[in-house]
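Novice: Take this structure, written in C-alpha cells, and hold onto it; I'll ask about it next.
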Amino acid sequence: AYFMGCVPFLTGTAPCVVGCPAGVDVQGYVSLISEGKFQESIDLIREMNPLPYLCGRICTAQCALNCNRQHHDDPVAIRELKRFVSDYEAAHPNNSKIKPVKQTKEKVAVIGAGSGGLAAAYYLARMGYKPTIFEKGDKTGGVVRYGVPQYRLSDEALDHDVDFIKSMGVEIVLNKEFGANFTLEDIKKEGFEAVFIAVGLYVPKTLRLEGEDLPNALVAIDFLLDRKYGCAEDPEEFKGKTFGIIGGGAVAVDVGETAVRLGATKVDFVDILTEEALKNVLKDLHEAEREVMKYNFTTSTKNITQEPDGKLALNCYKIEWGEPDPETGRRPLNKVEGSDFKIVVDYVVTAIGQGLDMVPINTATDNKLKIERGKIVVDNLTYETTIPGVFSGGDIIFDSLMCAVDAIGDGREAAYSIDRYIRGVDLKEGRINKKD
Ligand SMILES: Cc1cc2nc3c(=O)[nH]c(=O)nc-3n(C[C@H](O)[C@H](O)[C@H](O)COP(=O)(O)OP(=O)(O)OC[C@H]3O[C@@H](n4cnc5c(N)ncnc54)[C@H](O)[C@@H]3O)c2cc1C
Ligand code: SF4
C-alpha cells in the first residue's frame with residue numbers, strides 16, 4: 001500500500017502523516033491492513049493516537065485533504081480504514097500486543113477526561129508514570145461524549161477507547177472539579193509532580209445580536225447536550241419545524257442533522273465564510289441532507305426579530321471579503337448594498353463556538369495562570385504554561401478550528417514534556433514543532 005511518490009526524499013514524511021495533527025503513521029497502518037494484520041494495524045495507530053474508535057468515526061480527517069490520491073480520483077479512505085480496524089478489534093477483543101508497563105515513576109495529575117486529557121494520561125502511563133485524571137462530570141470522553149450525537153459516535157465505541165486507556169493503568173476520578181473541589185496547591189500537597197490541564201470550552205459564544213434572548217433562540221452546545229443526556233426527550237418536539245442556524249461549521253451541522261432527525265423539515269445555515277473555506281465540513285454532508293439543509297455562504301446576520309405569527313426572522317445581508325490589511329493581515333467584511341433578506345423559521349440556534357470558563361481555572365491556580373483572549377497561554381512546542389510544571393492543551397489553548405485529533409496530539413506532546421520536566425531534562429532540545 002505504500003505509494004512511494006508520497007514520501008518526499010528530503011523529509012521522509014508522507015503528506016497524510018504531515019496532515020494528521022497526531023502524526024499517525026497512516027501509510028504504516030494502511031499497509032498492515034493490506035496484509036491482513038488488523039490488530040497490528042490498530043496497535044500501530046495507538047503509538048500516536050490512543051482514541052482510534054473515536055477518530056475512525058468522527059475525525060475531521062485532515063490527513064485526507066493532503067492525500068495525493070485525490071489528484072487521480074478520491075483520497076484514500078484513511079478514517080474509514082481506522083474505523084474498520086477498530087470494528088475488527090471490537091469483534092476480536094483482548095489481542096492487543098500493547099501491555100501495561102510497571103508504574104514505578106511519579107504521580108501526575110490530569111484535569112479533564114476529554115480527548116486531550118485521555119491522550120496525555122495514556123502516554124504517561126505507558127512511560128511508567130502514575131496518571132490520575134480528575135473529571136468534573138460523571139462521564140469520561142469530554143465534549144465528544146456530551147455533545148456529539150450518538151448516530152455519529154456511540155457511547156459503546158467511545159467506551160472501547162476509554163477502557164483501553166484505563167487498562168494501561170490510568171486512574172479516573174469522576175465528579176471532581178478543579179477549582180470548586182480542589183486547587184493546584186492541593187495537587188502538590190498530594191504528591192503530584194506535574195499537571196496537565198485540558199478542561200475544554202463550554203461557555204457558548206454568541207454574536208450579542210438583538211433578539212438572541214427571544215423564546216426559541218437557542219445556543220448549539222446546550223441544544224446538543226439537552227438532546228443527548230438532558231431532559232429533552234419529546235420525540236415530536238421538532239416535527240415539521242424549521243431552523244435557522246448562525247454558523248456553518250461542524251457543530252452547526254450536528255445541530256442541523258439532529259433537528260432533521262427529530263422531524264425538522266428545513267434548516268438554513270448562515271455563515272460569513274465562503275463555500276471553499278467550509279469545504280472540509282461540506283465534504284461529509286450527504287446529497288439528501290443538502291436538500292433540506294441549505295447553506296447561505298458569505299452571509300452575515302444583523303439581528304433576530306419576531307414575526308406577527310410568533311416565528312423568528314433571521315435578518316441577513318450578503319458580504320464580500322476585502323483584501324487583507326497589509327499590517328494586520330485581517331480581511332475586512334464589506335456589506336453588499338441592497339442585499340438584505342430575511343429567513344423566517346421556528347427556531348434559531350447560534351453555533352459559533354464556545355469559550356473558556358475562567359472562574360474555576362483562576363480559583364484553582366490563584367490567578368497565576370496567564371490567560372489571553374480567553375485561551376490559556378502555553379509554549380507552543382512544550383505546552384508548558386506560565387507556571388512551571390503545569391502544562392495545558394486541547395481546546396483551551398486553540399485559536400483556530402478545534403477538533404479531537406488536535407487535542408490528542410497536544411496531550412501526547414505534553415506527556416513527553418512532563419516526562420522531561422520530571423527527569424530534569426531540557427523541555428525543548430531536539431524537538432520540532434509540528435505546526436511549523
Ligand atoms: C458539538 C460538537 C461536535 C464536535 N464534533 C467534532 C467532530 O466531529 N470531530 C472532531 O474531531 N472534533 C469535534 N468537535 C471538537 C472536539 O470535540 C474537541 O476539539 C475536543 O473534544 C477537545 O478535547 P479537550 O480534551 O480539549 O476538551 P473536552 O473534550 O471538552 O474535555 C474537557 C473535559 O474537562 C472537563 N472539565 C471541564 N472543567 C473542568 C474542571 N474545572 N475540573 C475537572 N474537569 C473539568 C469536562 O467535563 C470535559 O470532560 C466537536 C465539538 C463539539 C462541541
Ligand atoms: S487521526 Fe484523523 S487526521 Fe490522523 S490519520 Fe486518523 S483520520 Fe487522519
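Novice: Can you tell me which condition residue 192 does not meet? The list is (1) open to solvent by 40 Å² or more (accessible area, probe 1.4 Å); (2) away from ligand 1 (no atom under 12 Å from the Cβ); (3) within 24 Å of residue 365 (Cα to Cα), and all the others hold.
Specialist: Every listed condition holds for residue 192 apart from (1).
Novice: Looking for whichever is within 18 Å of the chain's Cα centre (by Cα) and in contact (Cβ under 8 Å) with a residue 40 or more places away in the chain here; the options are 404, 415. Which one fits?
Specialist: On the way: 415 fails: within 18 Å of the chain's Cα centre (by Cα).
Exactly one residue qualifies, and that residue is 404.
Novice: Moving on. Restricting attention to the range 63-87, report how many residues are among the β-branched types (Val, Ile, Thr) and open to solvent by 40 Å² or more (accessible area, probe 1.4 Å).
Specialist: Step one: filter the range 63-87 for residues among the β-branched types (Val, Ile, Thr), giving 76, 78, 85.
Narrowing the set further to residues that are open to solvent by 40 Å² or more (accessible area, probe 1.4 Å) leaves 76.
Total satisfying the criteria: 1.
Novice: Only one residue in 23, 36 is more than 16 Å from ligand 1 (Cβ to nearest atom) and surrounded by fewer than 23 Cβ atoms within 10 Å (Cβ to Cβ), so which one is that?
Specialist: Details: 23 fails: more than 16 Å from ligand 1 (Cβ to nearest atom).
Criteria check complete, one pass: 36.
Novice: Among strands (runs of 3 or more DSSP E) lying entirely in the range 325-436, which contain 1 or more residues that are buried (at least 16 other Cβ atoms within 10 Å of the Cβ)?
Specialist: Correct list: 341-345, 347-350, 390-392.
Novice: Then there is this: Regarding residue 185, is this residue at pLDDT 95 or above, open to solvent by 70 Å² or more (accessible area, probe 1.4 Å), closer than 25 Å to residue 48 by Cβ and not hydroxyl-bearing (Ser, Thr, Tyr)?
Specialist: Working: at pLDDT 95 or above: yes; open to solvent by 70 Å² or more (accessible area, probe 1.4 Å): yes; closer than 25 Å to residue 48 by Cβ: no; not hydroxyl-bearing (Ser, Thr, Tyr): yes.
The answer is no for residue 185.
Novice: I need every pair where a residue in the range 57-74 that is more than 16 Å from residue 407 (Cα to Cα) and free of Cβ contacts under 8 Å to residues at least 24 places away in the same chain has its Cβ under 9 Å from the Cβ of a residue that is part of a helix (DSSP H, G or I) and within 13 Å of ligand 2 (Cβ to nearest atom), sequence separation at least 6 or different chains.
Specialist: 70/64; 74/64
Novice: Right, something else. Are any residues in the range 309-324 within 22 Å of residue 292 (Cβ to Cβ) and part of a strand (DSSP E or B), and if so, which ones?
Specialist: Across the range 309-324, the qualifying residues are 312, 313, 314, 316.
Every residue, every condition in (1) crowded, with 18+ Cβ neighbours inside 10 Å; (2) over 16 Å from residue 157 (Cβ atoms); (3) touching a helix residue (DSSP H, G or I) at 6+ places or on another chain (Cβ under 9 Å), yes or no:
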{"position": "89", "(1), (2), (3)": "yes, no, yes"}
{"position": "97", "(1), (2), (3)": "no, yes, yes"}
{"position": "102", "(1), (2), (3)": "no, yes, no"}
{"position": "112", "(1), (2), (3)": "yes, yes, yes"}
{"position": "117", "(1), (2), (3)": "yes, yes, yes"}
{"position": "123", "(1), (2), (3)": "yes, yes, yes"}
{"position": "130", "(1), (2), (3)": "yes, yes, yes"}
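Novice: Going by the structure shown, is residue 41 away from ligand 1 (no atom under 16 Å from the Cβ) and either surrounded by 20 or more Cβ atoms within 10 Å (Cβ to Cβ) or of a type in the set (Phe, Trp, Tyr) (or both)? Explain how you work it out, then say what you get.
Specialist: Working: away from ligand 1 (no atom under 16 Å from the Cβ): yes; either surrounded by 20 or more Cβ atoms within 10 Å (Cβ to Cβ) or of a type in the set (Phe, Trp, Tyr) (or both): yes.
Here the answer is yes, as residue 41 does meet what is asked.
Novice: Does residue 156 satisfy the condition of being open to solvent by 50 Å² or more (accessible area, probe 1.4 Å) and under 25 Å from residue 385 (Cα atoms)? Break it down into steps so the answer makes sense when it comes.
Specialist: Numbers: open to solvent by 50 Å² or more (accessible area, probe 1.4 Å): yes; under 25 Å from residue 385 (Cα atoms): no.
No; evaluated as a whole, the condition is false for this residue.
Novice: If the requirement is being at positive phi and within 16 Å of ligand 2 (Cβ to nearest atom), which of these qualifies: 389, 394, 411? Give the derivation first.
Specialist: On the way: 389 fails: within 16 Å of ligand 2 (Cβ to nearest atom); 411 fails: at positive phi.
So the residue among 389, 394, 411 that is at positive phi and within 16 Å of ligand 2 (Cβ to nearest atom) is 394.
Novice: Looking at 164, 178 in this structure, which one is closer than 19 Å to residue 356 by Cβ and not β-branched (Val, Ile, Thr)? First the steps, then the outcome.
Specialist: On the way: 164 fails: closer than 19 Å to residue 356 by Cβ.
Within the list 164, 178, the selection yields 178.
The values are calculated or read from the model by the stated rules, or taken from the named source; none is laboratory data. A quick note: this is a predicted structure, and the numbers were derived from the prediction, not measured. Note that each Cβ is placed from the backbone with ideal geometry, even for glycine, and that neighbours are counted across all protein chains shown. The accessibility values were calculated without ligands, DNA or RNA, using every heavy atom of the protein model including side chains. Shrake-Rupley method; radii C 1.70, N 1.55, O 1.52, S 1.80 Å.
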